[in-house]
Number of protein chains: 2
Amino acid sequence: MGTKKHNFSAGPCILPQEVFQKASEAILDFNGIGLSLLEISHRSKDFVPVMDEARAIVKRLMNLDDSYEVLYLQGGASLQFIMVPFNLLTKTGKAAYLDTGTWASNAIKEAKRWGNIDVVGSSADEKYSYIPKDYSVDSSYDYFHCTSNNTIYGTQMKSFPEVDTLKVCDMSSDIFSRQLDFSKFDLIYAGAQKNMGPAGTVLVVVKKDILGKTNRDIPAYLDYALHIKKESMFNTPPVFAVYASLLTLQHLEKNGGIAAAEERNNAKAKLLYDEIDYNPNFEGFAKKEDRSVMNVSFRLTDKSKKEKFDQMWKDAGINGLNGHRSVGGYRASLYNALPIESVQVLVDVMKAL
Amino acid sequence: MGTKKHNFSAGPCILPQEVFQKASEAILDFNGIGLSLLEISHRSKDFVPVMDEARAIVKRLMNLDDSYEVLYLQGGASLQFIMVPFNLLTKTGKAAYLDTGTWASNAIKEAKRWGNIDVVGSSADEKYSYIPKDYSVDSSYDYFHCTSNNTIYGTQMKSFPEVDTLKVCDMSSDIFSRQLDFSKFDLIYAGAQKNMGPAGTVLVVVKKDILGKTNRDIPAYLDYALHIKKESMFNTPPVFAVYASLLTLQHLEKNGGIAAAEERNNAKAKLLYDEIDYNPNFEGFAKKEDRSVMNVSFRLTDKSKKEKFDQMWKDAGINGLNGHRSVGGYRASLYNALPIESVQVLVDVMKAL
């Protein structure tokens, strides 16, 4: 295996080593029952408690009461781009969206098929390098939709606007990374494959009383209320992804919950941004006040050093540092499971350039 | 672990032991790269070949040429119930469906939201215990939809009608179990969690030239053509489920392909049905000529023997034998990976009752 790997992948990404260990064991023998996790019925007495606890732990970690329901669905955030308008465009058929990057703009594109979508703020004019802040959302909108963190550009909403309607947020790339008052949101969704598990499931946290208010005929799989009624088992759930997500969240809970994770994440981000700001070889991409704690986008000030730098970080066992093709440069993703030691290795390489 | 388990689960279900072993290893260290399968990018040089081969092996096993494309999507067959009419209702907005059980009838319910659906045959009148055969489908329909095997009731289509339109088939519970001329179908879909892998992905095999013929505005995730263009990576695919499906299909290919699997499956089914027919303690549920080779539904002729029989098969290490709640009795699922030795254990228990 050679050098220890330092995995800065943008997602799917590093998860706690303990999660890999337990997930690997469950595939051979789940809880000592003599069967693999993969070969048991999702309605068996062995799996139902997994789904129940995977739903319950989310409410505990987010400090949400029973007015919220938790679902593990399939199709990723991309299917949520469709389900949100389908379920939540009700009275006026109008929704307000904040355009802060590629995924936000994909969400807008999908919603436009079903209603009148107003983009109340956009940073497309400056390559999504900042978060628009000067906008308001009145009650003529059925809901407001935003994206809390932008993996590709490395920006992050540090606060969320007060709006006069439902608040919906795609938290795919920073969920469980920082404390928020989650009860200020009406619907939160997140593809699991960053802080909360492997690829293959999308978390939905929804305030129950916002549902059932549309006259639209909702296809079964797209209907949140139906999934709630069926306790997230309307059809066969993605058993392995749900189990590995549960393991990841249990690891988080055991290690101080979101508060402790936030502290560790802030320390990692500070270490790296300080080096970017100090070292004349590098510059950051995002506006300082909007910098993401999860995804650090940066580039070389002198492109001729690229070959040398690339060799150096690869030799140090660093993986997944190339920037997204639409931004170029580098992107270091500092998700919950990445140890600060890996960030130190990267910083040392940057210093040595 | 005690007695060796004989796993007759209806799905998720038994897979080859080698698949569990390799999948378990990949979660600790994928292909010796020093990283878990769960923590690498789906666009990395390590995962892209997995998706490519998982798509290619399906065409080899099914003997299909390049006029077909293979996709691994999410949302199960239930999301296909929506995607099929969304993509294939084109000219007349009419489709013909065969109603052979719970899943077929769910597919009908979803399709009715989008078009004029005619149920050309149904066995609902006799609790889905047979396959309707007396119907025809003319060219006024955009497509014909059927369900090849019915997990709950234990019936199976032994032949498929010639129709004057596109032929679409939900093969979730018997795909890769028997040789068929797959080129007679225009679209085949199958939730992976029976013969081809763990829960978490749905296979779609589609003839390319049937797409792009609707004026309907298709949401991104529901658009087959878009998934094809993106080589089944429009968004993050269910990485683990795709990999474990590939392992399962590689195991099938190595062990004689579908032809050899069919032979093994027929032998298992014969062993069990012969016992049901011979042993006065039992009777089958499905009409003989329509009996499924995959799911054998049967019941006790004398219900007072239930407690004794249940204890006997549990003591023998048998798992997953209870019938679906809508049928009752027993259901033995004989998917590809179930060894004939397990069927013999069940038959021995039946003989001993």
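The values are calculated or read from the model by the stated rules, or taken from the named source; none is laboratory data. All values derive from a computational prediction rather than experimental measurement. Don't worry about glycine lacking a Cβ; one is built from the backbone with ideal geometry, like all the others, and counts go over all protein chains shown. Heads up: the accessible areas ignore ligands, DNA and RNA and are worked out on the full protein's heavy atoms, side chains in. Shrake-Rupley method; radii C 1.70, N 1.55, O 1.52, S 1.80 Å.
Figures for the structure shown
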| item | result |
| --- | --- |
| Only one of A:64, A:79, A:88, A:35 that is in the same structural domain as residue A:235 (by the TED database), within 22 Å of residue B:201 (Cβ to Cβ) and over 18 Å from the mean Cα position of the chain (by Cα) | A:35 |
| Matching entry among B:283, B:307, B:341 (being in a strand (DSSP E or B) and farther than 21 Å from residue B:175 by Cα) | B:283 |
| Unique match (being open to solvent by 10 Å² or more (accessible area, probe 1.4 Å) and small (Gly, Ala, Ser)) among A:333, A:304 | A:304 |
| Residues of the range A:174-188 satisfying the condition of being open to solvent by 30 Å² or more (accessible area, probe 1.4 Å) and under 20 Å from residue A:55 (Cβ atoms) | A:180, A:183 |
| Any hit, the range B:205-212, residues being touching an Asp or Glu at 6+ places or on another chain (Cβ under 8 Å), in a helix (DSSP H, G or I) and over 27 Å from residue A:85 (Cα atoms) | yes |
| Residue A:171 vs. criteria surrounded by 24 or more Cβ atoms within 10 Å (Cβ to Cβ) and not charged (D, E, K, R) | yes |
| Residue identified as under 18 Å from the mean Cα position of the chain (by Cα), open to solvent by 20 Å² or more (accessible area, probe 1.4 Å) and either modelled with pLDDT of 95 or more or not assigned by the TED database to the domain that holds residue B:213 (or both) among B:133, B:59 | B:59 |
| Any hit, the range A:41-49, residues being surrounded by fewer than 18 Cβ atoms within 10 Å (Cβ to Cβ), more than 12 Å from chain B (Cβ to nearest Cβ) and in a helix (DSSP H, G or I) | yes |
| Flag for residue A:144 being assigned by the TED database to the domain that holds residue A:88, among the aromatic types (Phe, Trp, Tyr), at pLDDT 95 or above and within 22 Å of residue A:293 (Cβ to Cβ) | no |
| Qualifying residue in the range B:116-127 (condition: surrounded by 23 or more Cβ atoms within 10 Å (Cβ to Cβ) and touching a helix residue (DSSP H, G or I) at 6+ places or on another chain (Cβ under 6 Å)) | no |
| Per-region count, the range A:203-237, residues more than 15 Å from residue A:72 (Cβ to Cβ), among the hydrophobic types (A, V, I, L, M, F, W, C) and either facing chain B (nearest Cβ under 7 Å) or touching a Phe, Trp or Tyr at 6+ places or on another chain (Cβ under 9 Å) (or both) | 5 |
| All strands (runs of 3 or more DSSP E) inside the range A:59-149 with 2 or more residues being of a type in the set (A, V, I, L, M) | A:68-73, A:94-99, A:116-122 |
| Residue A:240 being within 11 Å of another protein chain (Cβ to nearest Cβ), part of a helix (DSSP H, G or I), of a type in the set (A, V, I, L, M, F, W, C) and in contact with a Leu (Cβ under 7 Å, 6 or more places away or on another chain) | yes |
| Which numbered condition residue B:79 fails, given (1) among the hydrophobic types (A, V, I, L, M, F, W, C); (2) within 7 Å of chain A (Cβ to nearest Cβ); (3) in contact with a strand residue (DSSP E or B) (Cβ under 8 Å, 6 or more places away or on another chain); (4) over 19 Å from residue B:221 (Cβ atoms) | (4) |
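Quick grid of which residues meet (1) in contact with a Pro (Cβ under 9 Å, 6 or more places away or on another chain); (2) open to solvent by less than 40 Å² (accessible area, probe 1.4 Å):
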{"residue": "A:240", "(1), (2)": "yes, yes"}
{"residue": "A:246", "(1), (2)": "no, yes"}
{"residue": "A:262", "(1), (2)": "no, no"}
{"residue": "A:281", "(1), (2)": "no, yes"}
